[in-house]
Structure formats: C-alpha cells, structure tokens
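Only one structure is covered here, and it is reproduced in the block below.
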Amino acid sequence: MRPMKRITSEYSQAVFNLPWLVAQEEGFFAQVGIEVEFIRGRQRDPKLPAESDPSKIDPFWRHAPFEEGQATVFNACEWGQIRRSDDSRIGGRIIMLRPAVVSQGLFVRPDSPLSHPQDLRDKTIAVNFHAGSHYLSLQMLEGFMARDEIKCVHLGQAENRYKAMLAGEVDCAALMEPYIAVAEKAGCALIMEAYYAGSEMATLDMDEETALAIDRAIRKAVRAINADKRRYLHHLKADVPADLGPLSTDDFRLSRLRYLDPRPYPAEEFERTHQWLVSWGLVSPEATYEELVDNRIGLR
C-alpha cells in the first residue's frame, strides 16, 4: 500500500474552506491518498488600534504560516492572492479559483441612523486589509461616492470587526458568514452585499499528481455540500465564539452558501483585477499572469 501524501492547509474561516473540511470529514481525501492537516491563520489582537493605511499592513499578516513554510496551500480572495503571489518570498503561486464564492455584506448596528450606501460617505468601515472584506468594500462603494470618501480601517478578523461595530468604535463592518447570521440575528442592518471569487495558492513543490488528487476530492465535497448544505453548517457554527452564539440552522440563509468545482484562473480575469488593484495602488504594475499563476488544478 502506498503511503498517504501529507499536505497542510492553512485557513482562517470555515465558509472559505468548507469543501476542504467536508472532504476531510467524508473521507474524500483519504480515498485519493491524501492526508490533510489544518492549521489556523494568525489572529489580530483586538486591543490594537484601527489602521487606515494599507501600506502599513503586511499582506501575509494572516497567512504567515504559508509564507513561513508551515502550510502547503491556502485560499483567500482573488485580489489579495494576486498581491500575495507577487510578494511571496517562497514563490507561492495561484493554482486555481477556489470553490467558495463568498458573500460579504456591509452592516451597521441596530440603532445606527445609516440606511443606504451613500450614508457611508466618510464613515469608518471595519475591514481586513488585503482581504476580501477590504477589496469588496472598495468595489461596492466606489459606485456611490468618490474614492477619497471611502474610509476603510483595518481591524483584522470578522470577530474584531463585528464587535467594534457593535461597540460604536466604527460606523460599519464588512462581514461574511457566519457573522452575517450573527449580525442579522442581533438586528443589525445590511446596507449592501455582494459575492466575490477567491483562489488557492500553493507552494512550488506541489506535484501534479497531488494537485489532481486534491481536485478529485474537492469536487466530491462540492457535490456533497450542494446536495445538503444543512448537513455541514456545524463547521460554520463552530467559528462563532461563545459570547456571540449560539446559532441555529434556521439563522442561515442557505442561498448565500455558494460552492463550485475547482477551475482555472482565466488570464483575462487576472488582467481586469490586476488593473483595478494598480488603480488603487495595491499591487505592483509589473505583476504578470505568467509569473503569478500556475493552473495545476481544475484543468481536467
């Protein structure tokens, strides 16, 4: 019997990594000869003050385990992975679009007078810099106001952002599941919401056989999730700290949970995203698709 191929997957929230968690839970990785160890991304100290300058935040702050060689693969938003692939000192490369198509919403506390996007002009919006909450907030709001009127501040993980919004330390917070369910259950108001793609980044030494084995296991997991989303909500519920929970199955809108098969990252999508990032000064103009993308998964 061939020994199991061992890889380490670094993740920060279950909603982004649900297919990986399900593939592990249902034995799909074991079926293709893969053993996966999960490690958590870094957490930001909630006592740190909000930061308004993205250039002062390391794009790998949350994903340091990957850059330090402790993880083989991790996923994050499409925009941030371009920046991280360009910055990676160990040669991390984008290998596919991730299965998770995630919703993030801009929420205000129940007693807030803010009610629609224009109300957020010059208001503080809690995000995680160099992550989906940051980039998606910029893309949603620039259709309603001048760019210099968008005031995103970095508070790190969703728990920090949600609690800062409730405490009145910021005007608004960008949230994904399960914090959308937490916020709606608490009576917070949704100002606007959108979905966005992400991608998986892997180390250069991941061989094609391993990549294709991961592909097969993840595809099975995606089918299992879409067949019965309720069955796997326990992974999302487990992300909610005790002081903010518990959540029930009925607290989730299942249509928000969107998962697709692994697929290649198209060059034209990279170019559009890269140009937008450059327009905000969030990535090097010299970054190229050929240098940063290696579609090893999703080709078959």
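Pairs meeting the criteria (first residue in region 257-279 and touching a residue at least 60 places away in the same chain (Cβ under 8 Å), second residue surrounded by fewer than 16 Cβ atoms within 10 Å (Cβ to Cβ) and not in a helix (DSSP H, G or I), beta carbons under 8 Å, at least 6 apart or on different chains) are Arg258/Val101; Arg258/Tyr195; Tyr259/Val101; Leu260/Val101; Pro264/Leu299.
Looking across Leu120, Leu114, one residue alone is over 19 Å from Gly281 (Cβ atoms), more than 21 Å from the chain's Cα centre (by Cα), crowded, with 24+ Cβ neighbours inside 10 Å and of a type in the set (A, V, I, L, M). It is Leu120. Residue-level check: of (1) crowded, with 16+ Cβ neighbours inside 10 Å; (2) farther than 27 Å from Ser112 by Cα; (3) touching a residue at least 60 places away in the same chain (Cβ under 8 Å), Leu233 misses just (3).
Residues satisfying the criterion are absent from region 42-54 (criterion: in contact with a Pro (Cβ under 6 Å, 6 or more places away or on another chain) and either modelled with pLDDT of 95 or more or on the phi > 0 side of the Ramachandran plot (or both)). A search for C-beta distances below 8 Å between a residue of region 1-21 that is farther than 20 Å from Glu208 by Cα and without any contact (Cβ under 8 Å) to a residue 60 or more places away in the chain and any residue that is surrounded by 22 or more Cβ atoms within 10 Å (Cβ to Cβ) and not aliphatic (A, V, I, L, M), counting only pairs 6+ apart in sequence or on different chains, returns nothing.
Within the group Val101, Val127, which residue is within 15 Å of the chain's Cα centre (by Cα), surrounded by fewer than 20 Cβ atoms within 10 Å (Cβ to Cβ) and within 20 Å of Leu277 (Cβ to Cβ)?
On the way: Val127 fails: surrounded by fewer than 20 Cβ atoms within 10 Å (Cβ to Cβ).
Within the list Val101, Val127, the selection yields Val101.
Checking region 204-221 against the condition returns a match, with at least one residue being in contact with a Lys or Arg (Cβ under 9 Å, 6 or more places away or on another chain) and among the hydroxyl-bearing types (Ser, Thr, Tyr). For Phe74, the conditions (1) surrounded by fewer than 22 Cβ atoms within 10 Å (Cβ to Cβ); (2) within 23 Å of Val293 (Cβ to Cβ); (3) of a type in the set (Phe, Trp, Tyr) all hold with the exception of (1). The single condition from (1) buried (at least 24 other Cβ atoms within 10 Å of the Cβ); (2) in the same structural domain as Phe16 (by TED's automatic domain parsing); (3) under 16 Å from the mean Cα position of the chain (by Cα) that Pro59 fails is (1).
Where helices (runs of 4 or more DSSP H) fall wholly inside region 186-294, the ranges with 1 or more residues that are among the small types (Gly, Ala, Ser) and touching a helix residue (DSSP H, G or I) at 6+ places or on another chain (Cβ under 8 Å) are 208-227, 267-279. The requirement of being touching a Leu at 6+ places or on another chain (Cβ under 9 Å), under 17 Å from Ile94 (Cα atoms), modelled with pLDDT under 95 and of a type outside the set (Lys, Arg) is satisfied by Asp215.
Give the residue, chosen from Met192, Met201, Met176, Met165, that is outside the structural domain of His116 (by TED's automatic domain parsing) and either within 30 Å of Thr72 (Cα to Cα) or not basic (Lys, Arg) (or both).
Values: Met192 fails: outside the structural domain of His116 (by TED's automatic domain parsing); Met176 fails: outside the structural domain of His116 (by TED's automatic domain parsing); Met165 fails: outside the structural domain of His116 (by TED's automatic domain parsing).
Matching residue, one of Met192, Met201, Met176, Met165: Met201.
Among the residues of region 116-167, those identified as in contact with a helix residue (DSSP H, G or I) (Cβ under 8 Å, 6 or more places away or on another chain), within 23 Å of Gln43 (Cα to Cα) and either assigned to a loop (DSSP other than H, G, I, E, B) or acidic (Asp, Glu) (or both) are Asn128, Phe129, His130, Ala131, Leu155, Glu159.
The values are calculated or read from the model by the stated rules, or taken from the named source; none is laboratory data. Given the structure is predicted, the values throughout are model-derived calculations rather than measurements. Ideal geometry is used to build each Cβ from the backbone, glycine not excepted, and the neighbour counts take in all protein chains shown.
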